[in-house]
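Only one structure is covered here, and it is reproduced in the block below.
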Amino acid sequence: MAAKSKQIMGSILNTEEFKRWQAKIFDLFGAPPRSIRKPPKPRKLKPGCDITPSSFRPRVLARDRLHHWMAPVSDSFHYALVKDFPISDVIQLFNVLLISVETKTHENYVTNWLSGLHFWHNLHGAPWHGKLTPESSKRPCRPPVTLEHMHALFCCLDLSNAFDASVFTVASIAFWSCCRLAELIINSVNSFDPMQHVACSIKITRVSPSNSVSWSSFPAPWLKTTLGAGAKIIMSRVDDFTNPVSALNHHISANSSRRMGPMTHPWFLAHCNQVWREAGLLELTGHCFRIGGAHLLSLMLVCQYDRFGRSHHHSLLIYSFVI
């Protein structure tokens, strides 16, 4: 089994794409300083310690363990990758996963170790049981909101209408910033809570650097993952007429002369699905915006999208092969 995994991985390791990928690993996990004349060697064992040699776990540098340490489960995963996808696509997927690794973290040692172990499972297609969830609470993979869905909203909604402008703004931000709808809108008219929901009085930060892409941001007081710590929702300008920065500015302008009311989850989805139904497109649920945005950004090689979209590597890996 180990020999088969090595043979499959060999077809990947001997490509120019992989060499570029490996260089990025050195950037992330550290490469030996040029002042060191002797090549680095694996750490020596402590006196009295002995490790049984294993073809699955060769003695390599710590930075090389992610892709050199194998397991029987790697066999079927690597074989499926090479069989079903071009090498360039496989390298691109690994590239997105590795560049998405946060290089600076303030987590404790145990959390860092578990994160590395979890990432190895993702990289080699192994099931991860670090967070056991009852099967009854799991949902099937949902289809993504596509750019075609977004263009249908732009073309069919009346953006001179304050309500339609609000719907389009929520859709654009949810899609391009990979947000959960609960971070942007509320469940019902009377359920607004300033400790959990974005209010009209929030401060919007706008940045337009001369040598980079303009972006805007606003704080979300509560997130599913950070709870009351909240997070910043970032909208980068994109070269598309569904650009979330323009949509937000238009929404504020369209509603500046009137009293704003809260956008609710049922109103928003009903309006979107009405447009999609009339356009002959698939009707979708709220989470599909986040899925579609994350998938599109990964295809566009926006490798650090998870910093502003808060999508996890494991979710990206699953949906990249399902979609």
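What about S256, is it closer than 22 Å to R290 by Cα and either acidic (D, E) or surrounded by fewer than 19 Cβ atoms within 10 Å (Cβ to Cβ) (or both)? No: the conditions fail for S256. The residue that is nearest to S214 (Cα to Cα), counting only those in segment 247-288 that are out of contact with any helix residue (DSSP H, G or I) (no Cβ under 8 Å at 6 or more places or on another chain) and among the hydroxyl-bearing types (S, T, Y), is S253. Quick check on T285: is it under 15 Å from A199 (Cα atoms), among the hydroxyl-bearing types (S, T, Y) and in contact (Cβ under 8 Å) with a residue 24 or more places away in the chain? Spelling it out, it is not the case that T285 is under 15 Å from A199 (Cα atoms), among the hydroxyl-bearing types (S, T, Y) and in contact (Cβ under 8 Å) with a residue 24 or more places away in the chain. Whether a residue is out of contact with any Ser or Thr (no Cβ under 7 Å at 6 or more places or on another chain) and at pLDDT 85 or above was assessed, and A229 does not pass this test. If you check S214 against the conditions, is it in contact with a strand residue (DSSP E or B) (Cβ under 7 Å, 6 or more places away or on another chain) and within 20 Å of T169 (Cβ to Cβ)? The answer is yes for S214.
Strands (runs of 3 or more DSSP E) fully within segment 188-295 that include at least 3 residues being of a type outside the set (S, T, N, Q) and in the same structural domain as L153 (by TED's automatic domain parsing): 215-220, 231-236. Scanning segment 273-323 for residues that are modelled with pLDDT of 75 or more, among the basic types (K, R) and surrounded by 14 or more Cβ atoms within 10 Å (Cβ to Cβ) yields a single hit, R290.
The values are calculated or read from the model by the stated rules, or taken from the named source; none is laboratory data. Here the structure is a predicted model, which means the values were calculated and not measured. Counting neighbours? That spans all protein chains shown, and the Cβs are built from the backbone with ideal geometry, glycine included.
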